[in-house]
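The values are calculated or read from the model by the stated rules, or taken from the named source; none is laboratory data. Note that this is a predicted model, so its numbers are computed, not measured. Cβ: placed from backbone, ideal geometry, glycine included. Neighbour counts: every protein chain shown. These area figures cover heavy atoms from the full protein model, side chains too; ligands, DNA and RNA do not enter into them. Shrake-Rupley method; radii C 1.70, N 1.55, O 1.52, S 1.80 Å.
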Amino acid sequence: MPNTRLSDRSHVRQRCENRFLQKLAALALATLACCSTAAAADAPKKAESSRSPNIVFILADDLGYGDVKCLNRDGKIATPNLDRLAAAGMTLTDAHGSSSVCTPTRYSILTGRYNWRSRLQTGVLGGYDKPLIEPGRLTAASLLKQHGYHTACFGKWHLGMNMAQRAAGEPRLFGSNVDFSKPIQNGPTTLGFDQFFGISASLDMPPFVFIANDRFTELPTVEKNWVRKGPAAADFEAIDVLPTLTRKACEYVAERSKSDGPFFLYLPLNSPHTPIVPSKEWQGKSGISPYADFVMETDWAVGQVLDALQQHGLAENTLLMFTSDNGCSPAADIPELEKHGHHPNYIFRGHKADIWDGGHHIPFIARWPGKVKPGSSSDQIVCLGDLLATVAEMLEVKLPDNAGEDSVSFLPALLGKADHPLREALVHHSINGRFAIRQGRWKLELCSGSGGWSKPGDPEAAQQGLPSVQLYDMVEDIGEEKNLQAEHPELVEKMTALLTRYVNDGRSTPGASQKNDADVKIVKPLAKPKAKAKSEPEAN
């Protein structure tokens with residue numbers, strides 16, 4: 001039938017009572033419907049582009065800013081996959097963990113709240129510790145799940161969970177009182193994740209057994225020692241953990257490619273944290289040290305996820321973010337790296353655990369095709385705790401007053417639309433509970449020393465007669481070498497008052513005041529040094 005007849009088919013129906021013409025018109029309409037269906041089948045990319053974006057958040061463990069080659073031109077470790085990620089996306093050059101150690105930063109990532117508002121105000125959790133995230137608290141995962149996302153976490157949890165205990169009188173298993181045959185309660189699957197596979201804490205913390213959702217995958221039958229001793233599954237080997245997590249993540253991407261809905265993948269890797277265990281094919285690859293080899297394998301893991309997204313047609317509609325929880329650790333043997341001309345914490349002072357930038361100034365790279373400009377960068381001050389507010393803005397929802405109290409969306413930075421500072425200020429925290437606050441170019445540290453493991457520590461700094469606070473101009477002195485507290489007492493007073501307000505209000509963003517879970521003191525007395533057994537490892 002000619003197109004002119006089709007376009008005028010209503011007129012034909014009105015004027016013609018001939019059954020032949022009626023059938024012919026019906027046939028034409030059926031043909032058009034079939035053509036429309038075929039056209040829709042031929043346009044999967046169009047349907048994909050209208051869907052909510054997938055979100056992948058990859059968190060390395062103890063990777064320094066200077067370990068990423070594209071961020072450190074003098075770096076000696078090859079990171080080709082991170083380099084190609086940066087070339088295709090944006091580098092946020094002033095990004096920070098909310099703390100300079102593992103657990104507190106992870107708390108902030110998921111909750112958008114500073115860890116020191118919780119019960120954890122110093123140190124980190126262990127492998128058997130109880131949950132840190134409060135029951136009922138909104139997380140990035142639960143928010144996305146509420147809005148139709150499938151959510152998964154593969155990797156190092158390190159935020160606590162309730163493990164069943166053995167009955168009274170039962171013998172302990174290699175020093176543990178856990179009943180590994182019983183379900184785990186209040187773990188990742190109760191905080192917004194549909195799936196979890198990984199380990200309870202750092203890879204150097206027992207138990208050395210994989211967890212799938214709320215169950216241990218095996219019963220421990222032996223004792224193993226990776227920095228710390230504890231019960232382990234017979235076939236659990238530290239060297240296999242990174243490849244296993246990578247494989248699980250890639251399998252998840254393949255599985256979700258068959259679904260119409262968006263997904264959120266949180267991938268907290270165990271590397272390059274201790275134990276430093278590069279796989280056999282990566283051993284010696286760097287020509288520098290086992291740590292450098294492990295960094296290269298971490299880069300490989302990122303590349304595997306990038307390739308999986310591309311292979312399954314998901315790359316174009318996925319916001320992928322890569323970062324690290326804190327700076328490089330002394331366990332990496334920093335002097336050995338520096339002998340080879342490699343500075344893992346770049347030009348920043350200090351390292352993991354410290355209040356200085358080497359403790360918490362971390363790499364952050366984001367790729368989102370069609371949204372984030374390739375090869376771009378932003379110098380906005382960003383905190384990993386800003387993830388919650390960022391996904392909320394992506395979803396176009398307002399966070400309730402009792403969620404994301406310290407989270408500020410960096411979506412405008414990603415989209416190249418940030419024409420003013422997104423954050424009023426950012427609070428830093430060290431392993432010893434020392435505070436600092438960054439506002440624009442100024443950084444005020446409320447302690448005499450490193451606040452962590454670097455020298456001078458706080459007691460040594462006090463003994464040396466150093467001032468009780470430190471003030472640095474982070475534009476002119478990013479290495480934090482010249483303390484300007486004496487020259488700018490008005491800034492010390494102003495920034496201390498701002499930090500005090502943040503503490504007292506229970507939040508640092510606009511909204512109704514909230515309560516901290518524990519009393520918070522921004523200036524703490526120096527703790528007396530504790531005698532440490534030679535075999536006792538540092539908290540990490």
**Request:** Between beta-carbons, use under 11 Å as the cut-off and find the net charge around Val56, counting Lys and Arg +1, Asp and Glu -1.
**Result:** +2
**Lys76 accessible area, 1.4 Å probe, all protein chains in place, Å² to nearest 10** = 100 Å²
**Message:** Which order do you get for Trp453, Trp116 if you rank them by accessible area with a 1.4 Å probe, largest at the top?
**Reply:** Trp453, Trp116
**Request:** Give the relative contact order (percent, whole number) for the chain; include only Cα pairs under 8 Å separated by 6+ residues.
**Result:** 21 percent
**Message:** Suppose R0 equals 56 Å. What FRET efficiency, 1/(1 + (r/R0)^6) with r the Cβ-Cβ distance, do Glu393 and Leu484 give to the nearest 0.05?
**Reply:** 0.95
**Complete:** Note to self: C-alpha centroids of region 82-124 and region 427-452 sit apart, in Å, by 15 Å
**Antiparallel DSSP beta bridges within the chain, as percent of all bridges there, nearest 5** = 55 percent
**Prompt:** What is the spin-label model distance, in nm, from Glu281 to Gln304 if the labels are put 7 Å beyond Cα along the C-beta direction?
**Reply:** 0.9 nm
**Fill in**
Expressed to one decimal in nm², the mean projection of the alpha carbon convex hull of region 309-368 is 5.6 nm²
**Item:** Carbon + sulfur, % of accessible area of region 388-522 - ligands and nucleic acids excluded, 1.4 Å
**Value:** 50 percent
**Request:** Return the distance in nm (one decimal) between the two label points of a simple spin-label model at Ala512 and Arg247, each offset 7 Å from Cα along Cα→Cβ.
**Result:** 5.0 nm
**Asked** Excluding the sites themselves, what is the longest stretch of the chain that contains no GluC sites (Glu not before Pro) in a DSSP loop with at most 16 other C-beta atoms within 10 Å?
**Response** 18-217
**Request:** Determine the calculated [θ] at 222 nm for the chain from helices alone, applying -39500 (n - 2.57) to every DSSP H run no shorter than 4 residues and normalising by the residue count; nearest 500 deg cm²/dmol.
**Result:** -8000 deg cm²/dmol
**Asked** In whole Hz, what ³J(HN,Hα) sequence does region 162-179 give by Karplus (6.51, -1.76, 1.60; θ = phi - 60°), x for Gly and Pro?
**Response** 8, 9, 4, 9, 5, 5, 4, x, 6, x, 6, 9, 6, x, 10, 9, 7, 8
**Prompt:** How much area per residue is accessible in the chain when the probe is 1.4 Å and only protein heavy atoms are counted (Å²)?
**Reply:** 43 Å²
**Request:** Can you tell me the FRET efficiency between Arg73 and Phe174 if r is taken as the Cβ-Cβ distance and R0 is 51 Å, rounded to the nearest 0.05?
**Result:** 0.60
**Request:** Pop a pseudo-label 7 angstrom from the Cα along the beta-carbon direction at both Glu336 and Arg51 and give the gap in nm to one decimal.
**Result:** 4.5 nm
**Request:** Quote the charge dipole size of region 368-478 about the Cα centre in Debye, to the nearest 20; the model charges only the Cβ of Lys and Arg (+1) and of Asp and Glu (-1).
**Result:** 260 debye
**Asked** What length, rounded to one decimal in nm, is gained on full extension from Asp401 through to Glu218, with 0.36 nm per residue of separation minus their alpha-carbon distance?
**Response** 61.7 nm
**Request:** For the chain, restrict the atom set to alpha-carbon positions and state the Rg and Dmax in Å.
**Result:** 26.6, 106
